[in-house]
Amino acid sequence: MYRSIIYKEWIKTRTATGFIVLAFAAAAIHSFMKIAEDLRLSGAAACWELVIQKDPAMFPLFEYLPAIAGVLAALAQYVPELQSKRLKLTLHLPLKEDAILLAMSAYGTAVVTLVTAFFGAVLLWGLSANFPAEIAGASFRRLLPGFMAGPSAYFLASWICLEPRWSRRVLNFIPGALALSLFFMRAKSGAFCPLVPWLGGFMAAAFFFVFQSTARFKDGVQ
Amino acid sequence: MKNKKTLYLLVLLFVTLVALWGLPEPARMLSTSRTRYPFVYFSSVEKKLMFRSADERDNVSFRDDEGRAFSKREYDLSLPLLNYRQLTVNGEMPDSIDGVAIDPRLLRTKQVNFRYSPSEKNAPRTELYIMYESQPKDAKLESPGDVFRMKDGIEFIDARTNTVNAEKSERFAASLAKAGFAFPSQWTYGNLNIRKPYDEGYFSLDAHGALFHVKMVNGRPFARNTNLDASIEPVHFSPVEPADKRFYGFLFDRSGKVYIVEENGGKYKPLRLDIGNFDPDTDELTVLGNFLYWTVAVQNAAGKRFYALNAESLSRVREASVPAPANRWDATAARLFPVYLSFRDKHSEYLAPRLHFTRASALMANLAAALLMLFVPRRTRRKRIFDSLYTLLFGIAGAIALLVVPYKKR
């Protein structure tokens, strides 16, 4: 049954997933082309010095991309469930409701996490070829909050999406958007390090928010 | 769906925490007022600290540290070493002060302009450095084409190939070993800016707490133990390159003392600034110096202390202080938010959750909100009591969360 649920989720999200992968790949290619151009025009030494002294964002496109991917994945997964109340049918599959929702949520989380982790690894691998480990490490620390925003945005968007009442969706959106904005605070590379465990704790908690919306749906809230 | 209560509490706590930050933040942005401190400089003529203050309507007034009022012209004339360009143009510059003839070159080379903020120390760093040639053949510094790391050892990385330059690294490592440097280094500070008159390299604290000076002279490594007194425990070093090459920078130690490390015939001499206790994690330091006196300002949450120091001995000549002006945000927070959450701190570049407790009197706001929560309609008696206690604990943020998070089928 789990395989069937995963297949159902794949059918719903394959277009969105393909679009997300394409967007990440395009952003990665553009970022590397820009870095290659800077290295060629200014020289490696000048580029390194600029990075050490000014701490610019090496991959500005990737600051928001994971969060957009998270929202897109949630919409692709849960908007069809809300049309004609298909979620009711889904929850009637021969499995416990919690287990069904857990499988669906785990699928979406895996898609967002795997795509961001894969492209995160590609970016760091590419950067390590032309920059010392310290610069690659600083870039990783700078990308980390944005990448953590991916699954977080997915959890919050799922929570809002499955909430059955529109007025509540708006009320859920406000704290959700505020919480998500924490991942995008302007700061130096590495400034987020003390906050990362707290953001991780928030992510772990936010994973379960969708269960609250589904419980309300099951309770017949209109 | 099981565990509905746990889910409710989880979402409630989430919204409460967001509100603990999200509610006070716009209030802080709207109510924070500018901290206006007077500009203070020691008059080498009057032998007093001179204050230039501006009120909320930008009306400027001038006085000395005894409260005597000055006109703008009197004020300018009392600070010839600050306003020497204007006084020279006006033909009003004195020929000498305290028996020392005024020489434009002396004025320029002995000028000190330094500012330290705790966020300089409490900030993430890449831990890569650039070693410039300290005695370049040309007038300006040139990029060396490599960078170096200095944590568990010293390694120069060639920018062209992104590989370690083993030969150069070994030369510097041997020089550091010969000087007695013990890795890992605790910290290394240097001025990475290429636009400076000369380069004095880096000051690095070794594993045993000894401060070393490392630089490159004519392409060769230079490493020397500063041999500071054992009573000095350095916690931070702010390098500066003054025009007269008198000293290497400002040294902050664990016991709250601030020193300059002077060049003394190939040796290093710490000279303490007579400015009282200084905490590099919370206090800001400003030094404006001329060849006779240094005016030093130390600012923290309590206010700003001003010191006039003798430029040679750095002993205290005069002092004054100004208490911290009232900030509208502090008053607002004390009334509305007994507890609130923030993520930024002006003393640190790091982001971290920081819980602030204002005044106990602000708990009255919690109490009032808790009482109101007892009368929310369509809730059981038990739920009302829970809501009231929750609001008492988390204040307005808790009350808003209770009203926003759906309870049962609402």
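Read-outs throughout are calculated quantities, based only on the coordinates presented, and are distinct from any laboratory measurement. Just so we're clear, the structure is a prediction, and the values are computed from it rather than from any experiment. Cβ placement follows ideal geometry from the backbone for every residue including glycine, while neighbour counts extend to all protein chains displayed.
Let me check I have the definition right: for the range B:278-404, take the eigenvalues of the Cα gyration tensor, multiply each by 5, take square roots. What are those semi-axes in whole Å, largest first?
49, 14, 9
Name the residues whose placed amide hydrogens come within less than 5 Å of the amide hydrogen of A:GLY190, ignoring near sequence neighbours (fewer than 5 apart) on the same chain.
Amide H to amide H, under 5 Å and 5 or more residues apart or across chains, A:GLY190 pairs with A:ARG142.
Over the Cα atoms, compute the radius of gyration (one decimal) and Dmax (the largest Cα-Cα distance, rounded to a whole number) for the range B:27-102, in Å.
15.7, 56
What does the charge count around B:VAL45 come to, taking other residues whose C-beta lies under 12 Å from its C-beta (Lys +1, Arg +1, Asp -1, Glu -1)?
-4
Against the empirical 2.2 N^0.38 Å scaling, what ratio does the C-alpha Rg of chain B come to?
Normalised Cα radius of gyration, chain B: 1.31.
Explain nothing, just the number: dipole magnitude of the range B:116-286 about its Cα centre with +1 on each Lys and Arg Cβ and -1 on each Asp and Glu Cβ, in debye rounded to the nearest 20.
The calculated dipole for the range B:116-286 is roughly 440 debye.
Provide Rg over Rh for chain A; use the alpha carbon set for both Rg and the Kirkwood Rh (inverse mean inverse pair distance).
1.05
Using DSSP loop states and a limit of at most 14 other Cβ atoms within 10 Å to flag GluC sites (Glu not before Pro), what is the longest stretch of chain B containing no flagged site?
Longest stretch, sites excluded: B:143-311.
Report the Rg/Rh value for the range B:116-286, based on alpha-carbon coordinates and the Kirkwood definition of Rh.
Rounded to two decimals, Rg/Rh equals 0.95.
Once the cut-off is 44 Å, how many percent of the Cα-Cα pairs in the protein assembly as shown end up in the long-distance tail?
Tail of the P(r) past 44 Å holds 40 percent of the pairs.
Once you list every other residue whose beta carbon is under 14 Å from the beta carbon of A:ALA74, what net charge do they have if Lys and Arg are +1 and Asp and Glu are -1?
Around A:ALA74, the surrounding residues sum to -1.
Toward the positive end of the charge dipole of chain B, about the Cα centre and with charges on Cβ (Lys, Arg +1; Asp, Glu -1), which of B:LEU314, B:ALA19, B:LEU9 goes farthest?
Looking along the dipole axis, the top candidate is B:LEU9.
Filter chain B for me: DSSP H helices, axial length by Cα at least 20 angstrom, mean Kyte-Doolittle hydropathy not below 1.0. List them by residue number.
Once both thresholds are applied, what remains is B:4-22.
Listed here are the pairs B:LYS215/B:LYS257; A:LYS85/A:LYS218; A:LYS54/B:LYS110; B:LYS151/B:LYS257; B:LYS110/B:LYS346; B:LYS137/B:LYS267; which of them are more than 20 Å apart at the Cα?
B:LYS215/B:LYS257; A:LYS54/B:LYS110; B:LYS151/B:LYS257; B:LYS110/B:LYS346; B:LYS137/B:LYS267
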